[in-house]
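For reference, the structure discussed in these notes is given below.
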Amino acid sequence: MTSKERVRAVMEHRKPDRVPAAFEAVGSVTEKLLKHYGFTDYSQLLEKYEIDIVTAGPEYIGPELKTYLNEKGERVEQSWWGFETTMHTTAIDTYGTTTYFPLNGVETVEDVDAVMFPDPDWFDYSSVRKVCDSNPDKAIIVGHEGPFQMVTFLIEMDQFFMLMLDEPDTAKRILERMNEFEMEYYRRIFEAGEGRVDVLRPHDDYGTQISLLFSVDMWREFYRENTIKLADLAHKYGAFYQQHSCGAVAPLIPEFIACGVDALEPVQKVQGLEVERLAKLYKDKILFHGGIDTQGLLPYGKPEEVRAEVRKFIDLLGKDGGYMLMASQGFEGDVPIENIEAVYMTDRSI
């Protein structure tokens with residue numbers, strides 16, 4: 001099987017020749033791995049680890065975005081969504097923190113409509129076609145922060161939650177405007193891919209380490225419709241819909257399935273997402289992606305423990321399709337190289 005065939009098989013719960021794998025890491029980890037192996041190109045790393053998925057996306061060509069140094073000398077970057085991120089350097093890596101929220105203080109639908117949102121014309125979609133042309137045998141994945149996740153960059157989360165309670169029409173208008181952009185933006189991506197984009201993957205973190213951020217009923221009221229629209233768009237173009245949502249989102253899995261979601265990513269080590277439980281309840285209903293714990297096992301465990309965990313996930317979820325191997329999140333700087341190798345060098349045969 002090619003990588004594309006392998007990924008599409010497991011998304012359809014058909015048995016592949018081996019479990020497919022994805023790779024994500026913060027920039028410093030990728031650079032460290034390239035240097036460690038003496039590689040000069042990212043594609044070499046994907047080949048070494050036998051990665052089946054390649055990411056594609058359009059190139060931003062819109063209005064100039066400002067960057068500047070704040071009073072502490074930290075770099076501040078403006079997003080094409082309008083929020084600003086301040087880069088903080090720690091002992092491990094450099095991380096961005098949102099420090100300007102353009103929707104802070106909105107109260108009415110009119111307030112929301114007065115704020116400029118991105119325009120799909122701000123992008124050159126030919127880059128999607130180029131990635132597809134360069135990777136004919138790989139599965140192609142597209143997507144960025146979804147309607148809820150992006151909200152947390154545009155307005156502080158506590159303010160948005162209060163809008164959901166006190167001014168639901170205003171909260172829904174924010175989500176509606178965001179989804180209007182997303183639908184056209186992704187439609188143009190699919191058109192540029194000419195049938196070769198395999199997975200649409202919006203990011204929406206609906207959970208914390210211990211629970212959902214809001215009730216299932218509130219999820220239905222504010223997020224169900226947009227999830228259905230995005231899943232239907234993916235299916236219209238022959239692609240699969242992969243919902244990214246960190247946290248303890250087990251109560252939403254039946255909702256995702258009902259909306260047409262094909263895959264859930266990630267599987268975190270939290271209550272309700274135990275691999276044995278997922279295999280029992282949902283094995284043939286939705287694909288699970290990830291699961292190799294980046295908070296405990298990967299930074300602190302031994303390679304043999306990592307290999308055992310990989311085989312556990314493959315044996316419980318991957319025997320008849322329905323599982324994609326990866327860490328529970330992208331590899332961070334505290335994960336030793338030998339444990340990354342243990343993830344990908346473990347036998348993936350079924």
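Quick one: would you say Thr99 is of a type in the set (Val, Ile, Thr), open to solvent by 50 Å² or more (accessible area, probe 1.4 Å) and modelled with pLDDT under 95? Please lay out each step first, then the result.
On the way: of a type in the set (Val, Ile, Thr): yes; open to solvent by 50 Å² or more (accessible area, probe 1.4 Å): yes; modelled with pLDDT under 95: no.
So Thr99 fails the test.
Taking the condition without any contact (Cβ under 8 Å) to a residue 12 or more places away in the chain and more than 27 Å from Pro299 (Cβ to Cβ), does Thr99 pass?
Details: without any contact (Cβ under 8 Å) to a residue 12 or more places away in the chain: no; more than 27 Å from Pro299 (Cβ to Cβ): yes.
Taking the combined requirement at face value, the residue does not satisfy it.
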Region 11-57 - residue that is small (Gly, Ala, Ser) and assigned to a strand (DSSP E or B) and, of those, nearest to the chain's Cα centre (by Cα): Ala25
Condition check: within 25 Å of His244 (Cβ to Cβ) and either touching a helix residue (DSSP H, G or I) at 6+ places or on another chain (Cβ under 9 Å) or open to solvent by 70 Å² or more (accessible area, probe 1.4 Å) (or both). Does Glu5 satisfy that? yes
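Answer yes or no: is there a residue in region 78-93 that is farther than 27 Å from Ile174 by Cα and in contact (Cβ under 8 Å) with a residue 40 or more places away in the chain. Before the answer, list the steps.
Restricting attention to region 78-93, the residues satisfying the condition of being farther than 27 Å from Ile174 by Cα are 88-93.
Now restrict to residues that are in contact (Cβ under 8 Å) with a residue 40 or more places away in the chain: 92-93.
Yes, region 78-93 has at least one match.
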Between a first residue in region 230-248 that is closer than 18 Å to Cys132 by Cβ and a second residue that is of a type in the set (D, E, K, R) and open to solvent by less than 20 Å² (accessible area, probe 1.4 Å), which pairs have beta carbons less than 7 Å apart while being 6 or more apart in sequence or on different chains? Ala239/Asp198; Phe240/Asp198; Gln242/Glu265
Per the filter on region 94-130, residues hydroxyl-bearing (Ser, Thr, Tyr), within 26 Å of Leu163 (Cα to Cα) and not in a loop (DSSP other than H, G, I, E, B) are Thr97, Thr98, Thr99, Tyr100
For Asn226, which of the numbered conditions (1) on the phi < 0 side of the Ramachandran plot; (2) in a loop (DSSP other than H, G, I, E, B); (3) not charged (D, E, K, R) fails to hold? (2)
For region 174-189, does any single residue satisfy the condition of being in contact with a Ser or Thr (Cβ under 9 Å, 6 or more places away or on another chain) and not hydroxyl-bearing (Ser, Thr, Tyr)? no
Consider only pairs whose beta carbons are under 7 Å apart and that are at least six residues apart or on different chains; among these, list those whose first residue lies in region 328-343 and is acidic (Asp, Glu) and whose second residue is not in a loop (DSSP other than H, G, I, E, B). Glu332/Val29; Asp334/Pro299; Glu338/Pro303
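Take the residues of region 41-67 that are acidic (Asp, Glu) and free of Cβ contacts under 8 Å to residues at least 40 places away in the same chain: which is least open to solvent (accessible area, probe 1.4 Å)?
Step by step, filter region 41-67, then rank; the result is Asp41.
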Looking only at region 253-266, which residues are open to solvent by less than 10 Å² (accessible area, probe 1.4 Å) and either closer than 18 Å to Glu145 by Cα or among the aromatic types (Phe, Trp, Tyr) (or both)? Phe256, Val261, Ala263, Leu264, Glu265, Pro266
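The values are calculated or read from the model by the stated rules, or taken from the named source; none is laboratory data. A quick note: this is a predicted structure, and the numbers were derived from the prediction, not measured. Cβ atoms come from the backbone with ideal geometry, glycine included; neighbour counts cover every protein chain shown. Note: areas computed on protein heavy atoms with side chains; ligands, DNA, RNA excluded. Shrake-Rupley method; radii C 1.70, N 1.55, O 1.52, S 1.80 Å.
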